[in-house]
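The values are calculated or read from the model by the stated rules, or taken from the named source; none is laboratory data. All of these numbers come straight from a predicted model, not from anything done at the bench. Backbone-built Cβ (ideal geometry, glycine too); neighbour counts: all protein chains shown. SASA here: full protein model, heavy atoms, side chains in, ligands and nucleic acids out. Shrake-Rupley method; radii C 1.70, N 1.55, O 1.52, S 1.80 Å.
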Amino acid sequence: AQTVTQSQPEMSVQEAETVTLSCTYDTSESDYYLFWYKQPPSRQMILVIRQEAYKQQNATENRFSVNFQKAAKSFSLKISDSQLGDAAMYFCAYRSRGDKIIFGKGTRLHILP
Amino acid sequence: DTEVTQTPKHLVMGMTNKKSLKCEQHMGHRAMYWYKQKAKKPPELMFVYSYEKLSINESVPSRFSPECPNSSLLNLHLHALQPEDSALYLCASSQVDANTEAFFGQGTRLTVV
C-alpha cells in the first residue's frame, strides 16, 4: 500500500526567508503524481504545485519549488521569500492510477513577522 | 470555472435528524470524492464516484449515504449521526483515472449535538 509521510508537524520561518517542508512516500508504482496542497484557516484545500513522476525536472511555481528525488522517494517543497499569507497547513499528496489520493499528516507553517 | 461548490457551509444537526450535504462542479470531471477532516488532521477519504458509480467506499458507516445523481452533483445523506461525526466534510472532483490533481470545495462544517 502506498503511504505518504510528513515528519515535521510544525515549522516556523521568518518573513522573507526560505523554508523547506519534507515529504517522503512509499510506492511500487512507476507512474504517479505528487502534489503539495495548502489549507489556510479558510479551510479550502488549494493546489500549490504538482510533479509528474516521469519528469526529472523539478516543478516550479513562482516562489514555490520542489526537490523531487524519485529513487529516494522524496518530495520536498521549498518556499522562497516567505510571506504572511503563506501561513497554513501544507499537505503532501500522492496519486497513481485509479482515483485514490493519499495525503500525509500535514505540516503547519508559521510565518514570523 | 475551476470551482467546486459545497452547501451548506455550516450545519448543526441533532442525532435523530436527517440532513444532506451537497456538492456541485462544472469542470467536466467524472470522479467525485467525499473526505472527512477532523481538526489538525489530514483529509480521510470516505467515498469516490467514478462515472456516477460508487467505486470506492472506505468502510464508512451506513449512517453516511452518498449519492451521485448526475455528473455534476454529489450528495452525502446523513442520518442518526453521532457527536464524533462532527468534522469538516470536503468534496472534491478530478478527471477519472488520470494522474491529475483534485479540486476541492470549501467544505461543510458539521456539528452533531
Here is a list of conditions, (1) out of contact with any Asp or Glu (no Cβ under 7 Å at 6 or more places or on another chain); (2) free of Cβ contacts under 8 Å to residues at least 60 places away in the same chain; (3) buried (at least 18 other Cβ atoms within 10 Å of the Cβ), and B:Phe103 meets all of them except one; can you say which number that is?
(2)
Does A:Lys105 count as modelled with pLDDT of 95 or more and closer than 25 Å to B:Thr108 by Cβ?
yes
The correct count of residues that are within 9 Å of chain A (Cβ to nearest Cβ) and either in a loop (DSSP other than H, G, I, E, B) or not polar (S, T, N, Q) (or both) in region B:33-48 is 9
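Out of the residues in region A:57-71 that are in contact (Cβ under 8 Å) with a residue 12 or more places away in the chain and open to solvent by 50 Å² or more (accessible area, probe 1.4 Å), state the one that is nearest to B:Ala98 (Cα to Cα).
Of all residues in region A:57-71, those in contact (Cβ under 8 Å) with a residue 12 or more places away in the chain come to A:61, A:63-68, A:70.
Next, only the ones that are open to solvent by 50 Å² or more (accessible area, probe 1.4 Å) stay: A:61, A:63, A:67, A:70.
On the way: A:Glu61: 22, A:Arg63: 27, A:Asn67: 23, A:Lys70: 20 Å.
Ranking the candidates gives A:Lys70 first.
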Assuming A:Arg50 fulfils every condition listed in (1) assigned to a strand (DSSP E or B); (2) touching a residue at least 24 places away in the same chain (Cβ under 8 Å); (3) under 29 Å from B:Ile56 (Cα atoms) apart from one, which condition is it?
(2)
Using the structure shown, decide if A:Tyr54 is exposed (fewer than 12 other Cβ atoms within 10 Å of the Cβ), out of contact with any helix residue (DSSP H, G or I) (no Cβ under 7 Å at 6 or more places or on another chain) and over 15 Å from A:Tyr90 (Cα atoms).
yes
Restricting to region B:69-97, name every residue that is hydrophobic (A, V, I, L, M, F, W, C), under 24 Å from B:Met27 (Cα atoms) and open to solvent by 20 Å² or more (accessible area, probe 1.4 Å).
B:Leu73, B:Val96
